[in-house]
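Chemist: So that we are looking at the same thing, I have put the structure below in structure tokens.
Values quoted throughout were computed directly from the atomic coordinates according to the rules given, and no laboratory measurement underlies them. Note that the coordinates shown come from a computational prediction; the quantities given were computed from them, not determined experimentally. In this analysis, Cβ positions are derived from the backbone assuming ideal geometry, glycine residues included, and neighbour counts consider all displayed protein chains.
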Amino acid sequence: MQSQTNLNWGIAAAGKITQDFVTALSTIEKSRHMVVAVADVDGSRAQEFAQRNQIPRHYDGFDALALDREVDVVYVGTLNPFHYAVVHLLLSRGKHVLCETPMCLAVDQAKELYALAEQRGVFLMEGMWSRFFPSYERLRELLQGDAIGEVTLVKIQHGFRLAHVERVSNRELGGSIILDLGIYALQLGQFVFGSSPVKILPSGTQLNKDRVDVQTEFILDYGDGRRMVALVTGLENLENDAIIVGTKGEIKLSNYWCCTQLARSNGPPETWPLPRAKFDFHYTNTCGLRYEAEEVRRCIEKRLLESPKFPHAASLEIIAISDEMRRQIGVTFDEF
């Protein structure tokens, strides 16, 4: 199925994030990534997307994409409630899959998909793109090298005016600020502390009229005096930085979930600029999707079924924490 020279991508959904992904792929030097097909539930949207991006084939619905023999791997960028069904279809047809966060709206669904991927012998990864930025490799080096001593606190403020955006505010669309922004805070806590929290303490939550969380503060207690304190909100724009506090200093991550600049206490910033692209991007630093695409290529070439940088267990851990947070604040989805 997979060609000798290129990784052939299919795109599931013709939206803003999938457009940014395709644009990001085009910036990879000596690219070994080819987009060969796009599908959407609205065939005309798929056709327009294909024309704009010079993609050879477009499909009305995802069945034909799953049957396209030239497609090696599919990037799934549908709305949250449809991730499970689309990913399940693609895995069943033997496609490798990269799925936008969150993988699913409940941990049991995600467990089922990871089990299916392993059964079919195909690669599956939740697109936790933060993990693949060069800044996170540098952060790992600094933490392992004891650059700031023992980490005791991670502080995060993450906010955009999103409360009016359907994918965030509408319960039927799997809306939740915890699932939209909060999961990036959760993954940083997991990355820094290397374990699950022993206590999950949400507070200051605001629900909209649809009983969807549009703002929440939470403390994750990792034991031994280690904690993360976070505010995630769809009500206002914040600085969106993370401060990692250790016994010997601090590290600041600018735009921590898509970080291109990192600075230690009293030190000069280290930066990793993103390249320019053919089209403008819709979201902050989404040219950085190129890094997770390269990780997918490396893993598939090595015949790995999961990424060592964001394995299935790490994904399931974050989904389980977000499930528990939503349970505590009373945000549920009808099918669960």
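Chemist: Select from 189, 77, 149 the residue whose mean-square fluctuation is largest in a Gaussian network model of the chain (Cα-Cα springs shorter than 10 Å).
Modeler: Checking each option, the largest mean-square fluctuation is seen for 149.
Chemist: Quick one: angle between helix 289-301 and the longest Cα principal axis of the chain, in degrees between 0 and 90, rounded to 10, please.
Modeler: The answer is roughly 70 degrees.
Chemist: Here is a further query. Summing +1 for each Lys or Arg and -1 for each Asp or Glu, what net charge is found among the other residues whose Cβ lies under 11 Å from the Cβ of residue 28?
Modeler: Details: positive: 30, 32, 290, 297; negative: 29, 294.
In short, +2.
Chemist: In the chain, with Lys and Arg counted as +1 and Asp and Glu as -1 at Cβ, which of these residues, 234, 103, 154, has the Cα nearest the positive end of the dipole, that is, farthest along it?
Modeler: Projecting each Cα onto the dipole axis, the largest value belongs to 154.
Chemist: Taking only C-alpha pairs under 8 Å that are 6+ residues apart, what is the relative contact order of the chain in percent?
Modeler: The value is 19 percent.
Chemist: Alpha carbons only, please: Rg and Dmax for the range 130-258, in angstrom.
Modeler: 15.1, 48
Chemist: Whole percent per 5 Å bin, from 0 to the bin with the longest distance: what is P(r) over all C-alpha pairs of the range 7-128?
Modeler: For the range 7-128, the pair-distance distribution reads 2, 13, 24, 26, 19, 11, 4, 1.
Chemist: Return an integer: the convex hull volume of the alpha-carbon atoms of the range 1-76, in Å³ per residue. Could the numbers behind the result be given before it?
Modeler: Numbers: hull volume 5.5 nm³, N = 76.
Dividing the Cα hull volume of the range 1-76 by its residues yields 72 Å³.
Chemist: Here's a follow-up. May I ask for the percentage of alpha-carbon pairs in the chain that lie more than 33 Å from each other?
Modeler: Roughly 25 percent, rounded to a whole number.
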